[in-house]
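Before any comments, here is the structure.
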Amino acid sequence: MDNEVPSPPAPPARPSLVAGLFRSPGGRLALIGLLLFLLMIPVQMIRDVVQERAARRDEAAAGIVASWGGAQRLLGPVLRVPFKWREPGTDAKGRPVVNFHEDAAYLLPRDLKIEAELGTQLLRRGMFEVPVYQAGLVLRGHFVEPDLSRWNVQPQDIDWRAAELIVSLSEPRALQADAALEWNGKVLRFRPSTGSGRIGKLPGIHASLGEAAPGLFAKGEAAFTIALKARGAQQLFFAPTAEETTVNLRSDWPHPSFQGDWLPSSRQVGGSGSSADWSVSWLGRDYPQLWRGTDAVDDARLQAGFGVGLEVPVDPYMLAERISKYALLTLVCSFAVIWLTELLSGRRVHAIQYGFVGAGLCLFGLLQLSVAEHFGFSFAYVVAALAVTLMVTLYSRSLLGGWRALAVGAVLAGLYGYLYMILRAEDYALLGGAVALFLGLALAMYLTRRFDWFGGGREGLG
């Protein structure tokens, strides 16, 4: 019987080039980079959700504004005085004649003082809120009798009985009661502006001064007082229509934004409200004190103004948008911690497991926004950060071991805390992000300074 010689064992199969590439540190790093690129797809999808929710909020705000009243811009008062001016000419037979042309002069006050009191409230439509206000406005000032001789106007050609006092308001429909006017102590009534009772094409109200004529100007000037009550939302602006315009604004809204072509000369902002004072000279504007209709002062030039906006201190959609911009930073830092743990400990983490961790991190922005719509940004941020940190830490425990998972959780918690400070300190956001990236890169360089990237060192990346 022949003795059979056993065949030698087959050599172990050599890994393929692709498998070997992904087992190397550089290959694993490239695979993580590809995974980060793919995770930008759900990040963008979440950003689209944020934008869609913000658009719904804007639609709700537009609906409230349409019913209540929108941003108000007050311009005036402006005195309109019709007149006829004379132009010498000749008739068909060459005889000298005088031709009369109808026009109107528009006169602005010499001085104007506006007292404004804003009472604010939040109106809700669905889950969305919009700040609105009820404004009590008192306008006081003086007009000086105009000299129209520059346009060849004789005193007898001025129709004082047809004079009108015009106040332009962006949305006259939001007036809550009849506007009161006193002209040299005489009480007059405002009417809706139509036709000649407007400043250009701007909407507003007007009062006929015919009852006060003749004698509109006592000793060359006239005093007026106007009282208005109007509703509005988001903004209240004033135009500097006098040679010296003074505005004293008081509001119970604690988050004002002073805007426009002139900032207040003084302001006070506190938890119970705010106040601001403006003093604006006519030298800083782009239209005269007196013009006639044919001069056609452009409406756009009259839009220069100043005022206040009712700002929402924390816009959850704007902050959610900013959070989505930091999603890549969060993913990179978290993956870097896990990857460094692989390098230094020899534990192996599969690409699918990286994907699960990345998916959990991507959900942070969506979870935060969904809670913030009902309970506010800060509470929602803490809830979302705790939930995601706990989920990733517990999952990392099965991948890296107990204390290493705690290190991942600590880094992630610190990252979310650092991100919160960056979000609340917008002026330092770029500085904070740059410092975080620099420190993270420096730490990675230090921990891997002795690692043999050519394969001689501890591999731990199978």
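The string of couplings for segment 121-128 from the Karplus curve (6.51, -1.76, 1.60, θ = phi - 60°) is 7, 9, 9, 10, 10, x, 9, 9 Hz, one whole number per residue in order, with x for Gly and Pro.
The lysine pair tally for segment 69-310, using Cα distances under 26 Å and a gap of 8 or more places or different chains, is 10. Converting phi to 3J(HN,Hα) with the Karplus coefficients 6.51, -1.76 and 1.60 and the offset θ = phi - 60°, segment 142-153 yields 9, 9, 9, 4, x, 9, 9, 5, 4, 10, 6, 9 Hz in sequence order, with x at every glycine or proline. Suppose we look only past 34 Å in the calculated P(r) of segment 69-310. What percent of the Cα-Cα pairs does that tail hold? So the pairs more than 34 Å apart make up 22 percent of the total in segment 69-310. Net charge of the neighbourhood of Ile338, taken over other residues with C-beta under 15 Å away and scored Lys/Arg +1, Asp/Glu -1, is +4.
Between Leu209 and Ala163, Glu164, Leu165, the built amide H atoms are under 5 Å apart, and every one of these is 5 or more places off in sequence or on another chain. With a simple spin-label model that places each label point 7 Å from the Cα along the Cα-to-Cβ direction, the separation between Met318 and Leu38 comes to 3.7 nm. The string of couplings for segment 260-268 from the Karplus curve (6.51, -1.76, 1.60, θ = phi - 60°) is x, 7, 9, 8, x, 6, 8, 7, 9 Hz, one whole number per residue in order, with x for Gly and Pro. What the Cβ-Cβ distance of Met45 and Tyr446 gives, at R0 = 56 Å and to the nearest 0.05, is a FRET efficiency of 0.95. Taking amide H positions as modeled 1.01 Å from N, with prolines and chain starts lacking one, the residues under 5 Å from Leu74 and 5 or more places away or on another chain are Phe237, Phe238, Ala239. Which of Trp151, Leu216, Pro172 sits closest to the plus end of the dipole of segment 69-310, meaning its Cα is farthest towards the positive end, when Lys and Arg get +1 and Asp and Glu get -1 on the C-beta? Going by the Cα projections, it comes out as Pro172.
Could you give the length gained by full extension between Asp286 and His101, i.e. 0.36 nm per residue of separation minus their alpha carbon distance, to one decimal place?
The span from Asp286 to His101 would gain 63.9 nm if fully extended.
Extension gain for Ser370-Asn184 works out to 61.0 nm (0.36 nm per residue, less the C-alpha to C-alpha distance).
The Glu115 and Gln259 beta-carbon pair, evaluated with R₀ = 22 Å, returns a calculated FRET efficiency of approximately 0.65.
Need the full-extension length gain, Ser266 to Leu406, defined as separation in residues times 0.36 nm minus the C-alpha distance. One decimal, nm.
That works out to 45.2 nm of additional length.
Here Arg301 and Ala434 are evaluated by their C-beta separation; at R0 = 45 Å the FRET efficiency comes out at 0.55. Exposure proxy ranking for Met391, Met421, based on other Cβ atoms within 10 angstrom of each Cβ and starting from the fewest, stands as Met421, Met391.
According to the calculation over all Cα-Cα pairs in segment 54-142, the P(r) per 5 Å bin from zero is 3, 10, 13, 11, 9, 9, 9, 8, 7, 6, 5, 4, 4, 3, 2, 0 %.
Values in this text are rule-based calculations from the coordinates and carry no lab data. Treat the numbers as computed from the prediction; the structure is a model and nothing was measured. Please note: Cβ atoms are built from the backbone with ideal geometry, for glycine as well, and neighbour counts cover all protein chains shown.
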